[in-house]
Every structure is written in structure tokens, then in C-alpha cells.
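A.B. asks: Handing you a structure now.
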Amino acid sequence: MSAISDANAELHKTIEIMEQRESQALRDADISALQTLWADDLVVNSTANLIAGKQILLEMFRQGRIKLRTHQRRPVRIITFGKAVVVTGNEVSELISETADFKLFTSYMNVWMKRKGDWQLVARHVGLIQRAKPEPHE
């Protein structure tokens with residue numbers, strides 16, 4: 001491998017770790033972790049036809065309007081564009097709501113940028129592939 005390839009492989013490994021940290025923080029509704037992982041100017045286009053920023057989404061987690069029983073993320077492709085890294089992949093999550101629970105199969109695109117020495121999520125788009133009833137839990 002060349003030095004550039006080694007550096008790119010190391011960057012991809014770092015981003016994969018950030019992807020899983022953010023996925024776990026979503027599942028655990030870890031507000032503290034999300035505040036760090038998400039850029040202040042984050043923009044998210046979600047499956048609920050909601051385009052929202054960091055503060056709106058954090059408040060939805062605080063109020064319990066977003067609750068996940070499970071959240072599994074599978075990055076498929078990681079591409080570097082200058083100072084931005086774009087990750088595309090698939091997710092499966094179980095959304096808990098007051099009216100009904102749903103299992104969501106989605107595709108996603110996350111955009112990460114390094115700011116002040118830390119990687120932060122700056123943009124996210126989630127596309128719904130399928131919504132189904134989850135399997136019964138014991």
C-alpha cells in the first residue's frame with residue numbers, strides 16, 4: 001500500500017468507528033454523546049419528511065418522541081471529498097412510539113467533517129426502504 005492508501009484506510013477505519021458511536025448514541029438516546037458527535041449546524045432529512053437541525057432532534061430525544069429499541073448500521077461505502085467524508089449504507093431500527101412500534105429498513109447517507117480536531121456529523125439523509133411490524137419481544 002502507498003502512504004496515501006494507508007492514510008485513507010486509517011481515515012475510513014476512524015469514520016467507521018464514528019458511525020458506530022453515533023448509531024449507539026441514537027439507540028441509547030445518549031444526549032451527551034449526540035451533542036458531541038453532531039455539529040451545531042447539522043441538517044437531517046429523515047424518513048418522517050422532517051428536515052431538522054441538531055437542537056430540534058435533541059429535544060425530540062429528550063421528550064421521548066424518538067425512541068429506538070434497536071439500531072443497526074451497516075456502512076457500505078466511504079468516500080473522501082477533500083475535508084468531507086461521505087458514508088452510505090443501510091440501517092435497521094425498531095422505533096418505539098405511543099401508538100405503534102415499527103421496524104424500519106432504511107438507506108442512509110452521512111457526511112462527516114473534521115472540525116477543531118474532532119469528527120462531527122454535519123449532514124444526514126435517511127430514505128425509507130420498508131416499514132414493518134417488529135417481531136414480538138419477551
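The values are calculated or read from the model by the stated rules, or taken from the named source; none is laboratory data. Please read these numbers as outputs of a predicted model, since none were measured by experiment. Quick reminder, even Gly has a Cβ in these numbers, built from the backbone with ideal geometry, and neighbours come from all protein chains shown. Please note that ligands, DNA and RNA were not included when accessible areas were found on the heavy atoms of the full protein model with its side chains. Shrake-Rupley method; radii C 1.70, N 1.55, O 1.52, S 1.80 Å.
A.B. asks: Are there trypsin sites (Lys or Arg not before Pro) in region 70-107 that DSSP puts in a loop and that have at most 10 other Cβ atoms within 10 Å, and which ones?
C.D. replies: Those satisfying the criteria are Lys83.
A.B. asks: I've got another one for you. Å³ per residue of the Cα convex hull, for region 67-128?
C.D. replies: Residue-normalised Cα hull volume stands at 95 Å³.
A.B. asks: Calculate what fraction, in whole %, of the accessible area of the chain sits on carbon and sulfur atoms when a 1.4 Å probe is rolled over the protein chains.
C.D. replies: 52
A.B. asks: May I pose another question? Give the ranking of Met113, Met60 by solvent-accessible surface, highest area first, calculated with a 1.4 Å probe.
C.D. replies: Putting Met113, Met60 in descending order of accessible area: Met113, Met60.
A.B. asks: Using the Cα centre of region 36-88 as the reference point, and only Cβ charges (+1 on K/R, -1 on D/E), how large is the resulting charge dipole? Debye, rounded to the nearest 20.
C.D. replies: Result for region 36-88 is approximately 320 debye, rounded to the nearest 20.
A.B. asks: Using the heavy atoms of the protein chains alone and a 1.4 angstrom probe, what is the accessible area of the chain per residue in square angstrom?
C.D. replies: Ligands and nucleic acids excluded, the result is 62 Å² per residue.
A.B. asks: How big is Rg to Rh over region 1-62, alpha-carbon atoms, Rh as the Kirkwood inverse-mean-distance radius?
C.D. replies: Ratio value, two decimals: 1.12.
A.B. asks: List the lysines whose Cα sits under 30 Å from the Cα of Lys116, skipping any in the same chain fewer than 8 residues away.
C.D. replies: Filter leaves Lys13, Lys54, Lys83.
A.B. asks: Extension gain Leu11-Leu50, at 0.36 nm per residue separation less the Cα-Cα distance, in nm?
C.D. replies: Full-extension gain reported as 11.0 nm.
A.B. asks: When all C-alpha to C-alpha distances in the chain are sorted into bins of 5 Å, what percent of pairs does each bin hold, rounded to whole numbers?
C.D. replies: Histogram of Cα-Cα distances, whole percents per bin: 2, 9, 19, 24, 20, 12, 7, 4, 2, 1, 0.
A.B. asks: Here's a follow-up. Please get the size of the charge dipole for region 1-51, origin at its Cα centre, with Cβ charges of +1 on Lys and Arg and -1 on Asp and Glu, quoted in debye to the nearest 20.
C.D. replies: The dipole magnitude comes to about 120 debye.
A.B. asks: Ranked highest first by the average count of other Cβ atoms within 10 Å around their residues, in what order do 123-132, 13-22 fall?
C.D. replies: 13-22, 123-132
A.B. asks: Residue separation times 0.36 nm, minus the C-alpha to C-alpha distance between Ala33 and Asp101: what's the value?
C.D. replies: Stretched out fully, the Ala33 to Asp101 stretch lengthens by 22.0 nm.
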